[in-house]
Amino acid sequence: MSAARPQRPFDTAVVAARDRENVIVGNEIVRHRLVSRVIHWSVAVTFFVCVFTGMPIWTPVFGWMAHLFGGLTVCRLLHPWAGVAFFLASGIMFVHWIGDMRLEPGDREWLGPKAFAYMRYETEDTDIGKYNGGQRLFFWAAGLGAIGLLLSGLLMWFPRAFPPLLLEFAYLIHDVTFILFAVAIVFHIYLGTAAEPGTFGSMVRGTVTREWARLHHPRWYRDVISGEEDRRR
Amino acid sequence: MSVQQNLEIRRSSASVWGSQSGMRSVPTVSKYIDTTTCIGCKACEAACIEWNDLRHIATEQTGTYQTLPTLHAEYWNLIRFNERDFDGGLVWLMRKDQCMHCEEPGCLAACPAPGAIVQYANGIVDVNPDQCIGCKYCETGCPFDVPRFHQTTGKMAKCTLCVDRVSVGLEPACIKACPTGCLQFGTKDDMVALGARRVEQLKSNGFTNALLYNPEGVHGTGVVTVLAHGDHPEWYQLPRDPHVPILVRFWKSFLRPLGAIAIFGAVIGALTHYTKFGPKEVRGVDAPDRNLPDA
Ligand code: HEM
Ligand code: SF4
């Protein structure tokens, strides 16, 4: 990057995205630096190992998933360990992102009509920072969900160590948490890929275009621009 | 133990279709246990170990004559010794603890592995180790605390009602070994009739609360037990009103199918959204009235 280097890197944006965030490089803005992306994908990968080993045990409707891992017995063996890995990864993600995810006063509305209006592309909110209210709520829900899954899962892992009634509730909590999580993840993936083009790039390359930032996160866009101007001055 | 070759199956765990092929009608079988004539000799315990080739495990001193504190993956048949103060004296109660082979088995209801727990047409509830994944769900489902996880095989283990003997016309090993005749084996109807006769006898002998333990909550059991003190099943360490835990039924047969629909629904919802609204494109917003700094 710097002028002192003998050779200019081929792709300055990617180089910048290794360890810097919220900076402009050409027409791109770095949104997630490398460490953020690695953390996010370790959460996603462990989550999906849990999903594909857990769902065939969950109901025989998803029994076919067991073949991905070599059968139901292997699934049963892997699932609790994948769960522990998922919890650890989620914990790291939680600590890593909590600074950016402080809830703002209007966020509660994202639980209701605002989310639907957002999905209909009807909102014209120019006050969206690096993450919108829905993303922040998802972040907190995911953290809570990870704790719920871990605690109930531990009971199911070692049933004889706990009273039977508690176990009946553990299964209930594990199930309810999973259903909510799964539905949320379907929409998370949809929004992160097909529904909002350019977003997936922020999790693989690390960058977004200025236009993407201005459309989806206008306040963050303004902050990044003015920050850049400050730095130039 | 699984001897499924010749046995008609009435119910199978985690089956998408449900139950009974019903090709042949087979009478339901049952064990009969008379706690009033049990002498605590443990011949049935020894016979169970012998026939099922169970490993010999170390016994544990519990302060009574009881062999172990509870059932074990290598010990499917345990005489429980209980002492109670009664009527100014002491009663010494022995009860054969084992799988009850419920009409409505909680273990089977809870089991998530297709075919890992089956109920044969003759009523015997059996673990099929080929299909069992050792998840221990059945421990939560069983109202009698019967199934045990086997550390070496990684599968659940419990009394099979000697299905391998019964299916070739023999009585279970414990029945064969009992020297007092307090254990009997036959059709459920015959065993219930036998129990009713014995209960009448006990009542006329002064045990007015005598009862044949065949609990309704699980639609009756394939092991019926005569209790002299039928008003106190807990004296024998038997639950008063056993039933398949209602929460287990709720999450297993209602919440999980509902959750599957919710997940499919979310996927369909996303596809519908994509078709109706399409992606939120950057080019859609270069409207002049957007008062934002230029890119
Ligand atoms: C294949 C699966 C996944 C894909 C494609 C995906 C994609 C993405 C993308 C593109 C972002 C960046 C959004 C932005 O910059 O505005 C993101 C953020 C995030 N992801 Fe994922 N993700 C996946 C799985 C998961 C899973 C399993 C979790 C589990 C908790 C998760 C938690 C998060 C969180 C908390 C954020 C930050 C807040 C947000 O953007 O909603 N992701 N994901
Ligand atoms: S006693 Fe327990 S293990 Fe035996 S059939 Fe009933 S629920 Fe299943």
*Could you list log10 I(q)/I(0) for the protein assembly as shown at q = 0.07, 0.08, 0.10 Å⁻¹, which the Debye formula gives when each Cα is one point scatterer?*
-0.55, -0.66, -0.85
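For chain B, list the DSSP H helices whose alpha carbon atoms reach 20 Å or more along the long axis and whose average Kyte-Doolittle value is -1.0 or above?
Counting only whole DSSP H runs, the qualifying helices are B:188-204, B:256-277.
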*Taking only Cα atoms and a 10 Å spring cutoff, compute GNM fluctuations for chain A and point out the largest among A:Pro218, A:Pro80, A:Pro164.*
A:Pro164
*B:Ala193 versus B:Thr70: modelled label distance in nm, points set 7 Å from Cα along the beta carbon direction*: 3.9
_For the stretch B:9-244, what are Rg and Dmax over the alpha carbons, in angstrom?_
17.4, 56
_Only four residue types carry charge here, +1 at the Cβ of Lys and Arg and -1 at the Cβ of Asp and Glu. Report the dipole size of chain A about the Cα centre in Debye, rounded to the nearest 20._
660
*Using the alpha-carbon atoms, what tilt in degrees (0 to 90, nearest 10) does helix A:133-157 show relative to the longest principal axis of chain A?*
30
*For A:Arg18, solvent-accessible area (1.4 Å; no DNA, RNA or ligand), Å²*: 140
*Treat every Asp and Glu Cβ in chain B as -1 and every Lys and Arg Cβ as +1, leave all other atoms uncharged, and give the resulting dipole magnitude about the Cα centre to the nearest 20 debye.*
460
_Inter-part distance where the stretch A:14-32 and the stretch B:146-218 are each reduced to a Cα centre, Å_ = 74
*For chain A, calculated [θ]222 nm from helices alone, where every DSSP H run of n ≥ 4 adds -39500 (n - 2.57)*: -21000 deg cm²/dmol
*For the stretch A:140-178 and the stretch A:180-208, write down the distance between their C-alpha centroids in whole Å.*
28
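How big a patch of accessible area, both sides summed and in Å² to the nearest 100, lies buried between A and B at a 1.4 Å probe?
In total, this chain pair buries about 4500 Å².
Per residue, what volume in Å³ does the convex hull of the Cα atoms of chain A enclose?
With only Cα atoms used, chain A gives 166 Å³ per residue.
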*With r as the distance between the Cβ atoms of B:Trp17 and A:Trp140 and R0 = 30 Å, compute the FRET efficiency 1/(1 + (r/R0)^6) and round to 0.05.*
0.15
*Percent of accessible area on the stretch A:123-232 owned by carbon and sulfur, 1.4 Å probe?*
71
*Counting each DSSP H run of 4 or more residues in chain B as -39500 (n - 2.57), what helix-only mean residue ellipticity at 222 nm follows after dividing by all residues, to the nearest 500 deg cm²/dmol?*
-7000 deg cm²/dmol
*Which FRET efficiency, nearest 0.05, do B:Asn82 and A:Leu166 yield, Cβ-Cβ r, R0 22 Å?*
0.25
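The values are calculated or read from the model by the stated rules, or taken from the named source; none is laboratory data. Worth saying up front: this structure is predicted, and the values here are computed from it rather than measured. FYI the Cβ positions are ideal-geometry reconstructions off the backbone, even for glycines, and counts take in every protein chain you see. Keep in mind that these areas ignore ligands, DNA and RNA; they rest on the heavy atoms of the full protein, side chains included. Shrake-Rupley method; radii C 1.70, N 1.55, O 1.52, S 1.80 Å.
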